[in-house]
Amino acid sequence: METYGKMPLRIAQVCMPSMGGSSTVAVRLAQQLANRGHKSYVLTQTPSFAAQRNDCGQGVGRVRFLSPKEESHSVLNSEHLNQLSFSQFIGEVAINEHLDVIHVHYVLPFGPWADNARTMFSSNTALMITLHGTDVVNVPSSIAKLTAKSLSHAEVVTAVSDSVARSAKTVYGVDKSIVVPNWAPMPDVNVDEVTKVKQLAKPNEIKLVHVSNFRSIKQATHCVDVLHEVLKSKPARLFLVGKGETHQAVLDRASSLDISRQVVDLGSRSDPLNVISASDFLLLPSKSEAAPLVVLEAATVGVPSVAYPVGGVPELIIHGKTGLLSPVDDPTWMGKLIVEAVDDPERNQLLISGCRELAKELSPANIVGKYEELYSQAMDRRVDHFMEGFRVTLAGD
């Protein structure tokens with residue numbers, strides 16, 4: 001395997017499976033680094049996640065998925081014990097596997113844990129922290145200073161969008177974060193599955209899709225209002241992929257508008273890209289987004305996204321080129337934009353082409369290469385930090 005003219009490194013991605021997009025980025029990055037010849041690890045608190053990944057062949061030989069063993073204590077509850085054991089575990093892996101870089105995804109809670117682990121074990125491993133968005137939003141004041149301190153100790157801090165970088169400067173005083181956008185993975189679709197999904201709608205219907213965890217911040221009920229607006233002039237159908245707290249509210253909204261028959265609830269699926277591929281437009285009416293992976297995934301298969309211009313969304317969706325942007329909280333306008341695009345085939349084709357260009361620009365080759373450069377920088381800075389500490393010690397003597 002190639003390392004593109006560079007020395008192979010030992011790099012661990014630290015993530016939590018329950019944290020959605022950030023863990024997806026971490027695992028994909030680990031896999032890409034392994035493909036490039038680096039020794040690649042994923043550290044997680046969840047033993048079942050690590051075991052499952054290793055058992056399905058994504059671990060040993062390519063990426064090693066590691067987690068601390070589960071234990072119990074007569075006084076400590078499981079949550080407290082897991083937090084302490086995972087911090088120790090990070091330090092042990094850094095020493096035992098001779099890690100060059102610990103790459104933490106989400107500064108909360110992993111930044112302080114990894115920073116503490118390095119101190120406990122006197123590790124010379126470099127620390128990189130990637131801010132994904134929700135780790136700079138509504139941060140409790142009781143931990144803000146601790147978190148800011150771990151960011152100041154990191155050799156490199158990255159953010160997935162300019163929007164996140166600006167928020168980090170406001171919340172933590174971090175003005176050194178480097179923006180490295182998420183990337184679009186190579187499309188992996190099953191033609192037969194795509195055909196099956198398409199058959200759930202009539203050939204002449206505009207096929208809309210919403211993929212999310214149905215948290216309130218996603219405002220998934222707006223998707224039903226978009227569908228309702230489109231149906232005023234065009235036949236259409238809405239595919240829903242995922243489950244979550246507002247899922248039933250979405251179905252209730254469709255019922256209240258008497259358009260339930262035009263909504264197809266597909267639930268949680270392991271292959272959302274197949275559903276997206278079968279659709280004409282991806283709907284993203286979120287209140288806030290950092291750097292939505294689903295937009296990039298849709299772009300790889302030429303499906304434009306229609307969204308509100310919040311957070312880092314405008315950094316990915318350029319109106320009329322890589323997607324459509326509607327005024328915030330205006331699903332009616334969003335529906336009108338879709339109808340206009342459908343009525344203008346030339347414009348619609350430009351959107352499809354723009355999506356594919358976006359996916360090409362934010363390809364694994366480009367983005368992972370940037371991370372490789374930053375890992376080398378982090379290692380050099382770690383050496384500088386050690387030398388600085390050594391000089392301070394000598395001066396004190």
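The values are calculated or read from the model by the stated rules, or taken from the named source; none is laboratory data. In this text, all values refer to a predicted model and were calculated from it rather than measured experimentally. Counting neighbours? That spans all protein chains shown, and the Cβs are built from the backbone with ideal geometry, glycine included.
Laid out as a table, the results:
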{"item": "Per-region count, the range 283-310, residues more than 21 Å from V226 (Cα to Cα), in a loop (DSSP other than H, G, I, E, B) and not β-branched (V, I, T)", "result": "2"}
{"item": "Selected residue (criterion: nearest to T24 (Cα to Cα)) from residues of the range 87-113 that are β-branched (V, I, T) and assigned to a strand (DSSP E or B)", "result": "V104"}
{"item": "Qualifying residue in the range 34-41 (condition: in contact (Cβ under 8 Å) with a residue 12 or more places away in the chain and within 26 Å of G242 (Cα to Cα))", "result": "no"}
{"item": "Qualifying residues in the range 53-67 (those that are among the hydrophobic types (A, V, I, L, M, F, W, C) and more than 20 Å from the chain's Cα centre (by Cα)) - the one modelled with the highest pLDDT", "result": "L66"}
{"item": "Hey, P314 on the phi < 0 side of the Ramachandran plot, part of a loop (DSSP other than H, G, I, E, B), surrounded by fewer than 24 Cβ atoms within 10 Å (Cβ to Cβ) and assigned by TED's automatic domain parsing to the domain that holds S279 or not", "result": "no"}
{"item": "Tally of residues being within 26 Å of L362 (Cα to Cα) and either over 21 Å from the mean Cα position of the chain (by Cα) or in a helix (DSSP H, G or I) (or both) across the range 130-150", "result": "3"}
{"item": "Pair list, Cβ under 9 Å, 6 or more apart: the range 271-299 residue of a type in the set (F, W, Y), other residue assigned to a loop (DSSP other than H, G, I, E, B)", "result": "F281/V303; F281/P304"}
{"item": "Test: residue in the range 31-52 that is touching a Phe, Trp or Tyr at 6+ places or on another chain (Cβ under 9 Å), in a helix (DSSP H, G or I) and at pLDDT 90 or above", "result": "yes"}
{"item": "Only listed residue being closer than 21 Å to D162 by Cβ and over 22 Å from the mean Cα position of the chain (by Cα), chosen from K287, K321", "result": "K321"}
{"item": "Answer from T195, T221, T170 - the residue that is closer than 29 Å to T147 by Cα, polar (S, T, N, Q) and over 19 Å from the mean Cα position of the chain (by Cα)", "result": "T170"}
{"item": "Only listed residue being in contact with a Pro (Cβ under 8 Å, 6 or more places away or on another chain), surrounded by fewer than 24 Cβ atoms within 10 Å (Cβ to Cβ) and under 15 Å from V241 (Cβ atoms), chosen from V301, V328", "result": "V301"}
{"item": "Cβ pairs under 8 Å, 6+ apart, first in the range 203-223 and more than 18 Å from D343 (Cβ to Cβ), second aromatic (F, W, Y) and at pLDDT 95 or above", "result": "V209/F239; V209/F281; H210/F239; A220/F214"}
